[in-house]
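Let me begin by presenting the structure, written as structure tokens, before commenting on it.
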Amino acid sequence: MRVPAYPDRIFPGTVAHLNEVLDPATHTVKVRCVVRNPDTLLKPEMYAKVELADPGNHKAILLPSNAILTDGDRTTVLVATEGNIYQRRIVDTGPEIDGKVRILAGITPGEKIVTDGAIFLKRSMQSEETGPH
């Protein structure tokens with residue numbers, strides 16, 4: 001962590017909590033860090049820039065945001081199964097960052113996910129399910 005008041009000083013710490021909700025107005029996420037402050041240089045309400053590092057080798061499934069489909073309160077993706085048969089799959093997602101969305105649950109690595117044109121394929125699938133009017 002760095003603070004503008006001490007630009008040449010790094011304050012190491014650990015993340016204690018990462019909020020799951022992105023503030024739509026500021027596009028920020030609240031993070032609670034535990035940082036030692038033996039010289040009492042850090043004061044309440046100071047602005048800080050935090051650089052996060054992952055000490056482990058954690059892997060995540062990231063999809064382009066255009067692969068994510070939202071229907072009311074359900075979030076889905078279209079999975080291409082054997083023979084290019086498409087099925088909707090409900091997924092749990094993390095926040096969108098730089099046009100990518102982290103998939104927390106619902107698909108496994110290696111599955112083929114429709115990215116380009118997912119919304120059009122979804123509409124086509126809905127038309128076929130409801131039939132002619």
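For region 22-41, give me each residue that is out of contact with any strand residue (DSSP E or B) (no Cβ under 8 Å at 6 or more places or on another chain) and more than 17 Å from residue 52 (Cβ to Cβ).
Those that are out of contact with any strand residue (DSSP E or B) (no Cβ under 8 Å at 6 or more places or on another chain) and more than 17 Å from residue 52 (Cβ to Cβ): 23, 24, 25, 26, 37, 38, 39, 40.
Among the residues of region 27-82, how many are without any contact (Cβ under 8 Å) to a residue 24 or more places away in the chain, part of a loop (DSSP other than H, G, I, E, B), closer than 28 Å to residue 109 by Cα and of a type outside the set (D, E, K, R)?
The number of residues fulfilling the criteria is 6.
Rundown of residues vs (1) touching a helix residue (DSSP H, G or I) at 6+ places or on another chain (Cβ under 7 Å); (2) surrounded by 12 or more Cβ atoms within 10 Å (Cβ to Cβ), yes/no style:
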residue: 23; (1), (2): no, no
residue: 29; (1), (2): no, yes
residue: 32; (1), (2): no, no
residue: 61; (1), (2): no, yes
residue: 69; (1), (2): yes, yes
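Which residue, of 25, 80, 67, is outside the structural domain of residue 112 (by TED's automatic domain parsing) and among the small types (Gly, Ala, Ser)?
25
Quick one: which of 103, 107 is part of a loop (DSSP other than H, G, I, E, B), out of contact with any Gly (no Cβ under 7 Å at 6 or more places or on another chain), surrounded by 10 or more Cβ atoms within 10 Å (Cβ to Cβ) and not assigned by TED's automatic domain parsing to the domain that holds residue 18?
Only one candidate passes the filter, namely 107.
I'm checking my understanding of the structure. Among residues of region 7-17 that are part of a strand (DSSP E or B), more than 17 Å from the chain's Cα centre (by Cα) and of a type outside the set (Val, Ile, Thr), which one is modelled with the highest pLDDT?
Of everything passing the filter in region 7-17, 13 is modelled with the highest pLDDT.
Return yes when residue 20 is more than 25 Å from the chain's Cα centre (by Cα), among the acidic types (Asp, Glu) and either at pLDDT 85 or above or under 25 Å from residue 108 (Cβ atoms) (or both) and no when it is not.
The answer is no for residue 20.
The values are calculated or read from the model by the stated rules, or taken from the named source; none is laboratory data. The structure displayed is predicted, hence computed values, not measured ones. Cβ coordinates were reconstructed from backbone atoms using ideal geometry, including for glycine residues, and neighbour counts include every protein chain displayed.
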